[in-house]
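**Student:** The following block contains the structure, expressed as structure tokens.
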Amino acid sequence: MKIIVVGYACDPYRGSEPGVGWAAVCLIARKHEVFVLTDAHNREGWERGSSEGIIPQNVQVRFLRDHSACSENRFIAHLQSWMNYVSFNRQVLAAAKSWHHEVGFDLCHQVTIAAWRLPSPLWNLPIPFVWGPIGGAGYIPAAFRPMLSPSARFFENMRDINTALSSRSSAFRKCIRNAAVVIAANEETEKFLKPFRGSLFLERLPVTPFLDEKKEQFRRLGSQSIRKGPLRLFAGGNMEGRKGLSLALRALNLFREEGGDFQYTIAGGGPEIPAIRALVSQLGLESKVVFHSGYKGDDYITALHSSDVYFLPSFRETMGMTLVEAIYAGCYPVVADTSAQGEIVRMAGGKAVAGKTQEEMIDGLAQAIHWCDKNRELLPYEAAEAGKRIAEYFSAERYHRVIENAYHKAMGQPLYAD
């Protein structure tokens with residue numbers, strides 16, 4: 001089929017959301033002609049990809065808009081990204097219609113931005129529209145908001161208001177009801193979207209697969225011998241309040257008070273780091289906690305291979321790729337049983353800790369760390385088994401199969417069979 005793939009963020013050389021768009025394009029292009037409509041801020045990556053010969057021959061691209069503002073300040077950059085996307089969305093329907101008039105597409109698929117709050121007007125095209133995978137239904141319960149810094153609490157309160165307004169907007173309701181297929185990125189988003197979708201087709205699939213080349217990069221090789229000394233724990237990513245680091249630190253403090261020894265590496269920057277540093281000092285954990293600005297490339301993989309446990313409770317995750325990478329690298333996962341990371345650990349293996357209050361969660365996390373410390377001989381084998389399940393669930397083959405089923409459903413055809 002001829003498919004117009006719309007991805008505001010889509011770049012062959014960048015991770016996060018641009019990497020999600022690029023992976024989708026490559027996988028869809030395995031079987032279809034792909035015509036990509038993306039934003040101008042991705043042009044440099046596409047031009048480089050063309051010169052280096054990595055753009056599939058059956059993929060064409062067009063760019064919308066002339067420029068894309070992006071501040072060095074994280075908060076301002078976040079606001080600018082929303083405004084840039086709004087600008088993109090104002091132009092995308094006319095551009096898609098014009099290209100459709102030239103080519104005659106069979107189907108339209110929007111792959112980024114992967115958020116339900118940012119509905120697309122592309123359902124107005126005279127061809128079936130597939131939306132997703134989309135996430136963003138995560139929520140931090142009121143009982144856990146005291147763990148946040150004042151700025152993070154303010155953000156969550158504003159997000160609640162945005163959720164209420166966005167879910168009532170005509171743009172969202174028209175998009176969710178008129179899309180031929182909607183794909184939810186995780187269980188909580190599927191549950192959130194179901195009342196709006198009704199009996200219409202709703203699929204579930206992680207926003208992006210864990211590709212074979214990444215599997216080879218992250219695979220832990222060599223001995224599975226038991227490590228002695230402090231239990232080594234790792235957390236990585238952009239450290240926002242929703243990551244639950246304060247819960248992790250209080251749990252580790254309980255673990256220490258009961259005789260446990262550990263080293264906890266927190267790798268990455270983010271708005272919550274100053275508050276976390278203050279908590280580390282308050283708890284007297286300076287000798288136990290290492291702050292790192294963030295590993296890159298092989299250094300990141302080495303850091304994972306040198307760790308026993310991936311420990312980051314986290315709320316409001318659409319996918320949790322750092323968690324997926326850590327499991328595949330041989331780290332045993334301990335997370336909160338919330339959002340996508342809880343879903344992943346329940347599926348793959350590890351400790352997904354439930355709790356209705358902060359105290360319950362902290363106690364449960366501490367017990368999980370105690371278990372890890374006492375069962376060190378099991379950790380590498382348990383992590384390896386979880387990695388096998390991760391490899392299947394996030395495989396390119398499964399992504400391709402689910403997307404093909406979505407296309408067949410959108411076109412009114414029998415479901416795809418391998």
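The values are calculated or read from the model by the stated rules, or taken from the named source; none is laboratory data. Quantities reported herein were computed from a predicted structural model and do not represent experimental measurements. Reconstructed Cβ throughout: ideal geometry from the backbone, glycine too, with neighbour counts over all protein chains shown.
**Student:** Taking L118 as meeting all but one of (1) outside any strand (DSSP E or B); (2) in contact with a Phe, Trp or Tyr (Cβ under 7 Å, 6 or more places away or on another chain); (3) in contact (Cβ under 8 Å) with a residue 40 or more places away in the chain; (4) crowded, with 21+ Cβ neighbours inside 10 Å, write down the number of the exception.
**Tutor:** (3)
**Student:** Tell me which of these N84 doesn't satisfy, since it passes every other one: (1) surrounded by 17 or more Cβ atoms within 10 Å (Cβ to Cβ); (2) modelled with pLDDT of 95 or more.
**Tutor:** (2)
**Student:** Which of (1) among the aliphatic types (A, V, I, L, M); (2) surrounded by 14 or more Cβ atoms within 10 Å (Cβ to Cβ); (3) in contact with a strand residue (DSSP E or B) (Cβ under 9 Å, 6 or more places away or on another chain) does A354 not meet, given it meets every other one?
**Tutor:** Result: A354 fails condition (2) only.
**Student:** So, Y328, is that one of a type in the set (S, T, Y) and more than 21 Å from T208 (Cα to Cα) or not?
**Tutor:** Working: of a type in the set (S, T, Y): yes; more than 21 Å from T208 (Cα to Cα): no.
Judged against the criteria, Y328 is not a match.
**Student:** Hey, another quick one. Pick out the one residue from V86, V130, V103 that is more than 25 Å from P313 (Cα to Cα), in contact with a helix residue (DSSP H, G or I) (Cβ under 7 Å, 6 or more places away or on another chain) and not small (G, A, S).
**Tutor:** Numbers: V86 fails: in contact with a helix residue (DSSP H, G or I) (Cβ under 7 Å, 6 or more places away or on another chain); V103 fails: in contact with a helix residue (DSSP H, G or I) (Cβ under 7 Å, 6 or more places away or on another chain).
Exactly one of V86, V130, V103 is more than 25 Å from P313 (Cα to Cα), in contact with a helix residue (DSSP H, G or I) (Cβ under 7 Å, 6 or more places away or on another chain) and not small (G, A, S), namely V130.
**Student:** Next up: Select from region 369-418 the residues that are more than 19 Å from Y332 (Cβ to Cβ), of a type in the set (A, V, I, L, M, F, W, C) and in contact (Cβ under 8 Å) with a residue 24 or more places away in the chain and list them in ascending order. Break it down stepwise before answering.
**Tutor:** We begin by selecting, within region 369-418, every residue more than 19 Å from Y332 (Cβ to Cβ); these are 395-418.
Keeping just the survivors that are of a type in the set (A, V, I, L, M, F, W, C) gives 396, 402-403, 406, 410-411, 415, 417.
Matches in region 369-418: A396, V402, I403, A406, A410, M411.
**Student:** Determine if region 387-409 includes at least one residue that is buried (at least 21 other Cβ atoms within 10 Å of the Cβ), modelled with pLDDT of 95 or more and farther than 22 Å from L211 by Cα.
**Tutor:** Within region 387-409, none of the residues are buried (at least 21 other Cβ atoms within 10 Å of the Cβ), modelled with pLDDT of 95 or more and farther than 22 Å from L211 by Cα.
**Student:** Still on this structure, please answer the following. So I266 clears everything in (1) at pLDDT 95 or above; (2) within 26 Å of T208 (Cβ to Cβ); (3) part of a loop (DSSP other than H, G, I, E, B) except one condition, right? Which one?
**Tutor:** (3)
**Student:** For a quick check of your reading of the model, give me the residue pairs whose first member lies in region 310-322 and is in the same structural domain as S16 (by TED's automatic domain parsing) and on the phi > 0 side of the Ramachandran plot, whose second is among the charged types (D, E, K, R) and surrounded by 24 or more Cβ atoms within 10 Å (Cβ to Cβ), with beta-carbon atoms closer than 6 Å and at least 6 apart or on different chains.
**Tutor:** none
**Student:** From the list E404, E385, exactly one residue is out of contact with any strand residue (DSSP E or B) (no Cβ under 7 Å at 6 or more places or on another chain), in a helix (DSSP H, G or I) and outside the structural domain of Y310 (by TED's automatic domain parsing). Which is it? Spell out the reasoning first.
**Tutor:** Details: E385 fails: outside the structural domain of Y310 (by TED's automatic domain parsing).
Checking each option against the conditions leaves just E404.
**Student:** Mind listing whichever residues of region 320-343 are in contact with a Phe, Trp or Tyr (Cβ under 9 Å, 6 or more places away or on another chain), under 18 Å from I134 (Cβ atoms) and surrounded by fewer than 24 Cβ atoms within 10 Å (Cβ to Cβ)?
**Tutor:** Within region 320-343, just M321 meets the criteria.
**Student:** Additional query: Just checking, how many residues over region 4-22 are surrounded by 23 or more Cβ atoms within 10 Å (Cβ to Cβ) and either more than 28 Å from L323 (Cα to Cα) or not aromatic (F, W, Y) (or both)? Quick ask: steps written out before the conclusion?
**Tutor:** In the first step, residues of region 4-22 are kept if they are surrounded by 23 or more Cβ atoms within 10 Å (Cβ to Cβ); the result is 4-11, 20-22.
Subsequent filtering for residues that are either more than 28 Å from L323 (Cα to Cα) or not aromatic (F, W, Y) (or both) retains 4-7, 9-11, 20-21.
Residues that pass the stated criteria total 9.
**Student:** Next up: Please find, within region 117-154, the residue that is farthest from the chain's Cα centre (by Cα) out of those that are of a type in the set (S, T, N, Q) and closer than 15 Å to A180 by Cβ. Break it down into steps so the answer makes sense when it comes.
**Tutor:** Keep residues of region 117-154 that are of a type in the set (S, T, N, Q), which gives 120, 124, 149, 151.
Filter once more, so that each one left must be closer than 15 Å to A180 by Cβ: 120, 124.
Working: S120: 20, N124: 28 Å.
Ranking the qualifying residues of region 117-154, first place goes to N124.
**Student:** Need a quick list: strands (runs of 3 or more DSSP E) entirely within region 168-236 having at least 2 residues that are over 21 Å from the mean Cα position of the chain (by Cα).
**Tutor:** Numbers: elements: 181-184, 202-204, 231-236.
Passing ranges, in order: 231-236.
**Student:** Exactly one condition in (1) assigned to a loop (DSSP other than H, G, I, E, B); (2) more than 28 Å from L304 (Cα to Cα); (3) among the hydrophobic types (A, V, I, L, M, F, W, C) is false for F154; which is it?
**Tutor:** (1)
**Student:** Still on this structure, please answer the following. Any residue in region 339-356 that is assigned by TED's automatic domain parsing to the domain that holds R316 sitting within a Cβ distance under 8 Å of a residue that is basic (K, R) and outside any helix (DSSP H, G or I)? List the pairs, counting only those 6 or more apart or interchain.
**Tutor:** As it stands, the answer is S339/R316; V345/K351, since those pairs meet every condition given.
**Student:** Output the number of the condition that G138 fails; it satisfies all remaining conditions of (1) modelled with pLDDT under 95; (2) buried (at least 22 other Cβ atoms within 10 Å of the Cβ).
**Tutor:** Only one criterion is unmet by G138, namely (2).
**Student:** If you don't mind, another one. Need the failing condition index for A235 against (1) among the hydrophobic types (A, V, I, L, M, F, W, C); (2) free of Cβ contacts under 8 Å to residues at least 60 places away in the same chain; (3) buried (at least 20 other Cβ atoms within 10 Å of the Cβ), just the number.
**Tutor:** Here A235 clears every test but (2).
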